[in-house]
1. Calculate, for LYS14 and GLU210, the FRET efficiency according to 1/(1 + (r/R0)^6) with r their C-beta to C-beta distance and R0 41 Å; round to the nearest 0.05.
2. Amide H neighbours of GLU210 under 5 Å, counting only residues 5+ apart in sequence or on other chains, H built in-plane at 1.01 Å?
3. Please work out whether region 136-216 counts as rounded, prolate or oblate from its C-alpha gyration tensor, where a ≥ b ≥ c are the square roots of the eigenvalues and a/c under 1.5 means rounded, while otherwise a/b larger than b/c means prolate and anything else oblate?
4. About the Cα centre of region 1-45, what is the dipole size in debye to 20, counting +1 per Lys and Arg Cβ and -1 per Asp and Glu Cβ, all else neutral?
5. Among the listed pairs LYS39/LYS199; LYS154/LYS181; LYS27/LYS88; LYS32/LYS157; LYS27/LYS199, which are separated by more than 28 Å between their Cα atoms?
6. Would you please name the chymotrypsin sites (Phe, Trp or Tyr not before Pro) within region 1-77 that are DSSP coil residues with at most 12 other C-beta atoms within 10 Å of their C-beta?
7. Residue-wise, which Karplus ³J(HN,Hα) couplings in Hz belong to region 112-124, taking 6.51 cos²θ - 1.76 cosθ + 1.60, θ = phi - 60°, and x for glycine or proline?
8. For region 1-124, compute Rh as the Kirkwood radius over C-alpha pairs and then the Stokes-Einstein diffusion coefficient at 37 °C and 0.692 mPa s; write the answer in µm²/s, rounded to an integer.
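The values are calculated or read from the model by the stated rules, or taken from the named source; none is laboratory data. On a predicted model such as this, the values are computed, not experimentally measured, just so you know. Don't worry about glycine lacking a Cβ; one is built from the backbone with ideal geometry, like all the others, and counts go over all protein chains shown. We work out accessible area using only protein heavy atoms, side chains counted, and drop any ligands, DNA or RNA first. Shrake-Rupley method; radii C 1.70, N 1.55, O 1.52, S 1.80 Å.
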Amino acid sequence: SVFTSHTDDSHRSKSEFNIEPARDYPKGATKKIYKRVSKNIYAMPTYEFEEVGEIPQVAHTYRYINTAYPCMNEKQLGIGESTFGGRKSLVSENGIIDCTQLCQLMLERCATAREAITLAGELIKEYGWIDVGECLTIADKNEVWHLEIIGPGKGKKGGIWVAQRVPDDHIAVNANASTIKHIDLKNSDMFMASENIFKMALDSGWCKSEADFEFC
């Protein structure tokens, strides 16, 4: 069996949860996209959500558990979140997809971990990642993956990401640190990545070659 867990120790995030029902939408419907921003006017700091754009809606969305980060849907797709920050020079405001919104979209639209990672890559490329470095642990009934995402660089649109599958009979932990090191994209059973996975590191002189590259 697959086991996964997630602890959100944020002092800002909501502690309640609700069940968002499955829904059907007409052809041509759109979905509003919101960005999570800090709100510090109260004694206890919190978040609010600002509308930043919209994307095409799908015909049907799955029911899911909506917590501080949406965490599991009716297909037993589970997502945990862990922030690692990454290089500040990679953070971009040119886009509309942040971590909270991405978790929601994956749970609304996907039934397996691989589907979720593929969708994440498509959304990040088309609509732009505007968050800091994040690791999402994505589990379904058969396997678990770690998906790590960083920005494309200031002013640029898109993102850089890599996913590594946790081998069967193994345990993996992410605690606010990037952990994916060498990657082998020829091994599609264990790795997935964005098309630009090596470019930023090579152009910036952070590694000498693809063989020398470590995502973390």
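1. The computed FRET efficiency comes out at 0.45.
2. Hits under the 5 Å cutoff: none.
3. Working: a/c = 2.02, a/b = 1.65, b/c = 1.23.
Note, shape of region 136-216 comes out prolate.
4. On the way: 9 positive and 5 negative charges, 80 e Å.
Roughly 380 debye for region 1-45.
5. LYS39/LYS199; LYS27/LYS88; LYS27/LYS199, as the Cα separations exceed 28 Å there.
6. Taking region 1-77 and a limit of 12 other Cβ atoms within 10 Å, the loop chymotrypsin sites (Phe, Trp or Tyr not before Pro) found are PHE3, PHE17, TYR42.
7. So the Karplus estimates, Gly and Pro as x, are 10, 5, 5, 4, 5, 5, 4, 4, 4, x, 5, 5, 5 Hz.
8. Details: Rh = 15.9 Å.
The estimated diffusion coefficient comes to 207 µm²/s.
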